[in-house]
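The values are calculated or read from the model by the stated rules, or taken from the named source; none is laboratory data. These numbers were taken from a predicted model, which means no experiment stands behind them. Cβ sites come from the backbone with ideal geometry, for glycine too, and all protein chains shown count toward neighbours. Surface areas here come from the heavy atoms of the whole protein model, side chains and all, with no ligands, DNA or RNA. Shrake-Rupley method; radii C 1.70, N 1.55, O 1.52, S 1.80 Å.
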Amino acid sequence: MDKVKLTPRLLAAARLAGESRFAVDVGTDHGRLAVWLLQNEMAARIAATDIRKGPLSSAVATAEEYGLAERIRFELCDGLDFPGAEAADAVINAGMGGETIEGILSSAPWTLGGARLVLQPQSKLDELCVWLHITGYGLEVAALAAEGERLYVVLAARGGAEGPIFAEDALRASGDPLLPRWLDARIASVQRAIDGIESSQKKRRDTFELRQTLKRLLALRKEP
């Protein structure tokens, strides 16, 4: 049987998860990540969850295609809301908005106890990083994955860990070769947001936080 292939984004998430006794793939969608973890002997046990029946059915079909359906626990639930979830030592949450990830972790405070969290937010990156820091999770490492012109950031965090607050600092510490490209894209995006607010004919919003973000990114980009 051939091994399942992952997109660069999901492959980065799978690698950051490392080896585990019990991994949970939250929002599994097509189930390929869960299959990859088993095929590569990265997880002894695995649960795949999704809040929607359609994606979970697709995940079951993928597992059946690779002969692994009997080794994966499929749960139709919201995030980590299933019996026994707290036994997980690795939780992977890829492809959701940062605010959704916050909600899932808020509803599972046991994740502060040491499980490795692999998070790939599609939005609200800075807000998620600040929330993790305030709540008691620390960033351990970060990685970038390129899919065409788009770059995705993947974070690994753990309750009580020591680490930087923001993703760019974790990427710098990891020596990620894609960091300059990612910083350039973020700087351009933040600058566009500032310009859009300041030129709007509607009621202006304060751009202080955006300007602070821009200042932080520019300073990091200038470092050798």
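Can you tell me how many residues within the range 192-214 are modelled with pLDDT of 70 or more and either exposed (fewer than 10 other Cβ atoms within 10 Å of the Cβ) or touching a helix residue (DSSP H, G or I) at 6+ places or on another chain (Cβ under 6 Å) (or both)?
Counting residues in the range 192-214 that are modelled with pLDDT of 70 or more and either exposed (fewer than 10 other Cβ atoms within 10 Å of the Cβ) or touching a helix residue (DSSP H, G or I) at 6+ places or on another chain (Cβ under 6 Å) (or both) gives 9.
Could you check, for the range 15-25, whether at least one of its residues is open to solvent by 40 Å² or more (accessible area, probe 1.4 Å), out of contact with any Asp or Glu (no Cβ under 9 Å at 6 or more places or on another chain) and of a type outside the set (Phe, Trp, Tyr)?
Scanning the range 15-25 turns up at least one residue that is open to solvent by 40 Å² or more (accessible area, probe 1.4 Å), out of contact with any Asp or Glu (no Cβ under 9 Å at 6 or more places or on another chain) and of a type outside the set (Phe, Trp, Tyr).
What's the total number of residues in the range 54-108 that are touching an Asp or Glu at 6+ places or on another chain (Cβ under 6 Å) and assigned to a helix (DSSP H, G or I)?
Selection size over the range 54-108: 3.
Identify the single condition in (1) open to solvent by 60 Å² or more (accessible area, probe 1.4 Å); (2) in contact with a Pro (Cβ under 9 Å, 6 or more places away or on another chain); (3) outside any helix (DSSP H, G or I) that Glu162 does not satisfy, given that it satisfies every other one.
So the condition that Glu162 fails would be (2).
So which residues in the range 121-159 are assigned to a helix (DSSP H, G or I), touching a helix residue (DSSP H, G or I) at 6+ places or on another chain (Cβ under 6 Å) and open to solvent by 60 Å² or more (accessible area, probe 1.4 Å)?
The one that is assigned to a helix (DSSP H, G or I), touching a helix residue (DSSP H, G or I) at 6+ places or on another chain (Cβ under 6 Å) and open to solvent by 60 Å² or more (accessible area, probe 1.4 Å): Glu127.
Under 6 Å between Cβ atoms, at least 6 apart or on separate chains: pull out the pairs that start in the range 70-82 with a residue that is surrounded by 15 or more Cβ atoms within 10 Å (Cβ to Cβ) and end on any residue that is among the polar types (S, T, N, Q).
Between residues of the range 70-82 that are surrounded by 15 or more Cβ atoms within 10 Å (Cβ to Cβ) and residues that are among the polar types (S, T, N, Q), the close pairs are Glu75/Thr49; Cys77/Thr49.
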